[in-house]
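Since the structure comes first, as structure tokens, the remarks are kept for the end.
The values are calculated or read from the model by the stated rules, or taken from the named source; none is laboratory data. As the structure is a prediction and not an experimental result, all values here were calculated from the model. With ideal geometry, Cβ positions are generated from the backbone for all residues, glycine too; neighbour counts draw on all protein chains shown.
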């Protein structure tokens with residue numbers, strides 16, 4: 001009898017039927033650190049953008065203070081190691097770091113992208129090509145991909161533009177007609193571009209080399225209230241912030257729902273209107289916890 | 001046999017055949033309830049004496065005329081009101097089918113709900129089709145908003161005063177919304193011919209026969225000339241279509257510019273103001289821009305909004321509207337769709353496009369918060385949960401609603417206060 005049960009269990013576990021269950025891992029966020037202020041105790045104000053740098057460094061668009069912070073994480077201690085404040089960028093809302101120590105910053109008032117050199121000096125505005133018969137670009141968000149390729153969400157023309165690090169146009173992908181509002185973009189290690197339709201509560205994907213978006217997910221309206229930002233990890237998993245509901249939603253590389261973490265609240269570990277996130281290669285997720293006026297760092301584990 | 005005589009024979013045979021066909025039905029009825037021959041219908045009238053008056057009405061339901069009361073009613077006992085033999089919609093559908101074609105674009109709610117007697121008297125009526133009331137009087141009994149608008153309109157669309165059914169199918173429309181017999185402009189062009197004198201001039205020479213007439217005109221009536229909707233975009237009212245549209249090209253109407261640039265010509269001050277703000281409502285900046293929320297020609301709502309604010313804002317922010325719907329305590333500005341009491345619809349320097357980044361200013365416009373609470377607020381009170389926050393109205397309340405009383409973030413009798421005042425937690 002016992003040997004029959006053992007045999008049956010072995011067959012069950014090794015059968016193809018068991019594989020989908022085993023593959024759908026559940027990811028969890030464990031709160032690691034919080035940044036409330038810089039080294040001079042100047043508190044963050046309305047931080048709206050984060051960008052993961054090499055190692056345990058990341059950047060924060062401290063919008064309300066009109067500056068970008070460089071942050072170093074050591075275990076559970078997050079310290080601001082540098083401040084970039086430029087008159088050309090009075091209201092930074094998105095930031096990401098290049099591999100050479102430079103950064104790209106989206107100014108919320110001008111709605112245009114700027115380069116900032118590694119020494120913190122202004123490196124000029126990035127020219128996003130205008131469509132032939134379309135309006136001047138209005139940049140809502142951007143992402144840096146492999147090789148520092150720049151992927152830009154242009155809401156005026158309803159499209160995503162991919163540029164090389166030297167500004168050469170590589171790809172233009174129009175948002176599908178049924179998409180209702182381009183909120184954010186992300187790029188994974190393979191160069192797949194993910195577009196977050198915030199109003200339609202949907203994720204679209206254009207794989208490397210493709211020139212059109214295809215739906216990656218169905219409607220996420222059952223899983224979140226109002227999506228705000230998206231990022232991808234090295235394995236192609238996606239994390240989407242729920243602006244109105246607090247928390248983040250995790251999707252698999254195929255767009256399938258893999259769980260929801262955190263919730264609306266004030267205490268550490270909780271989020272209120274998480275405006276942006278970045279998912280580092282070292283398994284850390286940094287979230288701009290906008291209405292809580294802070295940035296929180298989480299470790300991702302199964 | 002002469003042809004005339006042959007015809008009389010055929011007619012007589014036909015009468016006999018019809019009578020014979022009818023006889024089994026009546027005989028069947030008589031036999032089902034073991035009635036004496038010819039008693040069908042008359043038995044009922046023995047008690048229901050006031051029915052004689054119904055039989056005298058101009059339009060009498062055929063089974064009633066034929067005395068076939070048991071065609072609809074179960075004479076001894078029934079599980080349904082009025083001793084009906086089945087549920088009301090099933091009874092009518094026995095002879096009249098579903099009255100709505102499969103996949104109909106619009107179906108009258110009364111039909112969906114099987115409420116045929118909302119409009120029809122099942123026995124008889126002075127009005128054709130057994131309608132309870134004649135003409136538009138019947139429809140306006142339920143469609144109060146249309147009635148109110150007609151009562152105040154100085155110009156009424158002529159068919160409205162004749163009969164709603166000139167434009168609407170009372171049961172369902174296969175192809176059109178709003179039970180229209182045909183979609184505009186096709187429906188409108190049945191009466192309003194483009195070649196008629198004045199048509200082209202009224203439309204500034206633009207080819208409008210492919211457009212939806214109701215984008216400018218209220219099909220029931222309004223107090224504006226040409227029954228334009230209540231709020232008319234000034235260029236439209238002045239027939240200055242060329243301000244936004246290019247010259248028609250092969251019957252196609254084009255826009256001179258796209259996005260926000262189209263509106264900049266007249267609304268430059270507003271657009272500059274929007275551009276000067278840190279935060280913009282993103283639909284303002286996309287390819288459709290102002291037309292995301294505003295009708296470019298005419299609208300029934302102020303400010304040319306495309307819909308009432310609750311529906312308009314809720315078309316994207318359905319989560320916020322749903323939160324209010326679920327809320328234990330209603331917040332009237334949200335519940336009644338007065339979104340702009342708290343939010344700037346175009347741009348703001350405050351997050352969530354609030355009118356101010358100080359909640360006390362916004363809430364204080366309606367609530368005398370200084371009289372409402374002695375709890376320290378603002379600079380004098382750091383939120384115990386987060387050193388970067390001050391205690392404000394939204395520290396305790398969520399303005400779109402929660403599952404707790406007074407749309408608090410927790411139970412006001414315990415949990416809410418304990419979030420900060422942990423020292424008094426047992």
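Listed here are the residues, each with its yes/no results for (1) touching a helix residue (DSSP H, G or I) at 6+ places or on another chain (Cβ under 7 Å); (2) part of a loop (DSSP other than H, G, I, E, B).
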position: B:114; (1), (2): yes, yes
position: B:117; (1), (2): yes, no
position: B:129; (1), (2): no, no
position: B:133; (1), (2): no, yes
position: B:138; (1), (2): no, no
position: B:142; (1), (2): no, yes
position: B:146; (1), (2): yes, no
position: B:151; (1), (2): no, no
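Just to be sure, is residue B:293 modelled with pLDDT of 95 or more, out of contact with any strand residue (DSSP E or B) (no Cβ under 8 Å at 6 or more places or on another chain) and within 14 Å of another protein chain (Cβ to nearest Cβ)? Before you say what the answer is, go through the steps one by one.
Working: modelled with pLDDT of 95 or more: yes; out of contact with any strand residue (DSSP E or B) (no Cβ under 8 Å at 6 or more places or on another chain): no; within 14 Å of another protein chain (Cβ to nearest Cβ): yes.
Judged against the criteria, residue B:293 is not a match.
Just checking, which of A:248, A:203, A:295 is away from chain B (no Cβ under 14 Å), touching a strand residue (DSSP E or B) at 6+ places or on another chain (Cβ under 9 Å) and closer than 25 Å to residue A:43 by Cα?
Result: A:248 is the single residue among A:248, A:203, A:295 that is away from chain B (no Cβ under 14 Å), touching a strand residue (DSSP E or B) at 6+ places or on another chain (Cβ under 9 Å) and closer than 25 Å to residue A:43 by Cα.
Could you check segment B:348-357 and list, in sequence order, the residues that are in contact with a strand residue (DSSP E or B) (Cβ under 8 Å, 6 or more places away or on another chain) and more than 10 Å from chain A (Cβ to nearest Cβ)? Let's see the steps before the verdict.
In the first step, residues of segment B:348-357 are kept if they are in contact with a strand residue (DSSP E or B) (Cβ under 8 Å, 6 or more places away or on another chain); the result is B:348-355.
Answer for segment B:348-357, where residues must be in contact with a strand residue (DSSP E or B) (Cβ under 8 Å, 6 or more places away or on another chain) and more than 10 Å from chain A (Cβ to nearest Cβ): B:348, B:353, B:354, B:355.
Among the residues of segment B:367-388, write down those that are in contact (Cβ under 8 Å) with a residue 12 or more places away in the chain and assigned to a strand (DSSP E or B).
Listed by number, the list holds a single entry, B:378.
Which condition breaks for residue A:110 when tested against (1) part of a strand (DSSP E or B); (2) under 26 Å from residue B:350 (Cβ atoms); (3) within 14 Å of chain B (Cβ to nearest Cβ); (4) out of contact with any helix residue (DSSP H, G or I) (no Cβ under 8 Å at 6 or more places or on another chain)?
All conditions pass for residue A:110, except number (1).
Going by what's in this entry, would residue A:105 be described as part of a strand (DSSP E or B), more than 16 Å from the chain's Cα centre (by Cα) and at pLDDT 95 or above?
So residue A:105 does not fit the description; no.
May I ask you to verify whether residue A:228 is at pLDDT below 95 and either more than 14 Å from every other protein chain (Cβ to nearest Cβ) or assigned to a strand (DSSP E or B) (or both)?
It is false that residue A:228 is at pLDDT below 95 and either more than 14 Å from every other protein chain (Cβ to nearest Cβ) or assigned to a strand (DSSP E or B) (or both).
Yes or no: segment B:97-107 includes at least one residue that is in a helix (DSSP H, G or I) and modelled with pLDDT of 90 or more. Quick ask: steps written out before the conclusion?
Taking segment B:97-107 and keeping what is in a helix (DSSP H, G or I), we get none.
Scanning segment B:97-107 turns up no residue that is in a helix (DSSP H, G or I) and modelled with pLDDT of 90 or more.
Go through segment B:327-366 and give me each residue that's in a helix (DSSP H, G or I), in contact (Cβ under 8 Å) with a residue 12 or more places away in the chain and under 28 Å from residue A:179 (Cβ atoms).
B:334, B:339, B:340, B:351, B:353
Which residues, taken from segment B:307-326, are within 16 Å of residue A:226 (Cα to Cα), touching a residue at least 24 places away in the same chain (Cβ under 8 Å) and assigned to a loop (DSSP other than H, G, I, E, B)?
B:316
Among the residues of segment A:251-292 satisfying the criterion of being under 15 Å from the mean Cα position of the chain (by Cα) and within 11 Å of chain B (Cβ to nearest Cβ), which is nearest to residue A:63 (Cα to Cα)?
A:290
The rows are residues; the columns are (1) within 20 Å of residue A:51 (Cα to Cα); (2) part of a loop (DSSP other than H, G, I, E, B).
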| position | (1), (2) |
| --- | --- |
| A:208 | no, yes |
| A:240 | yes, no |
| A:244 | no, yes |
| A:250 | yes, no |
| A:275 | yes, no |
| A:281 | yes, yes |
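Any residue in segment A:173-195 that is within 14 Å of chain B (Cβ to nearest Cβ), over 23 Å from residue A:113 (Cβ atoms), crowded, with 21+ Cβ neighbours inside 10 Å and without any contact (Cβ under 8 Å) to a residue 60 or more places away in the chain?
No, segment A:173-195 contains no residue that is within 14 Å of chain B (Cβ to nearest Cβ), over 23 Å from residue A:113 (Cβ atoms), crowded, with 21+ Cβ neighbours inside 10 Å and without any contact (Cβ under 8 Å) to a residue 60 or more places away in the chain.
How about segment A:92-107: which of its residues are within 14 Å of chain B (Cβ to nearest Cβ) and surrounded by 24 or more Cβ atoms within 10 Å (Cβ to Cβ)?
A:92, A:93, A:94, A:106
Please find, within segment A:131-172, the residue that is farthest from the other protein chains (Cβ to nearest Cβ) out of those that are free of Cβ contacts under 8 Å to residues at least 24 places away in the same chain and closer than 19 Å to residue B:282 by Cα.
Taking the candidates together, the pick is A:136.
For segment B:360-395, give me each residue that is under 38 Å from the mean Cα position of the chain (by Cα) and more than 11 Å from chain A (Cβ to nearest Cβ).
Result: B:360, B:361, B:362, B:363, B:364, B:365, B:366, B:367, B:368, B:393.
Out of segment B:254-274, which residues are without any contact (Cβ under 8 Å) to a residue 40 or more places away in the chain, part of a helix (DSSP H, G or I) and within 13 Å of another protein chain (Cβ to nearest Cβ)?
Those that are without any contact (Cβ under 8 Å) to a residue 40 or more places away in the chain, part of a helix (DSSP H, G or I) and within 13 Å of another protein chain (Cβ to nearest Cβ): B:260, B:261, B:262, B:263, B:264, B:271, B:272.
If you scan segment A:39-60, which residues turn out to be touching a residue at least 24 places away in the same chain (Cβ under 8 Å) and within 12 Å of chain B (Cβ to nearest Cβ)?
Result: A:43, A:44, A:45, A:46, A:47, A:48.
Out of the residues in segment A:258-290 that are without any contact (Cβ under 8 Å) to a residue 40 or more places away in the chain and either more than 15 Å from residue A:28 (Cβ to Cβ) or touching a helix residue (DSSP H, G or I) at 6+ places or on another chain (Cβ under 9 Å) (or both), which is surrounded by the fewest Cβ atoms within 10 Å (Cβ to Cβ)?
The qualifying residue surrounded by the fewest Cβ atoms within 10 Å (Cβ to Cβ) is A:267.
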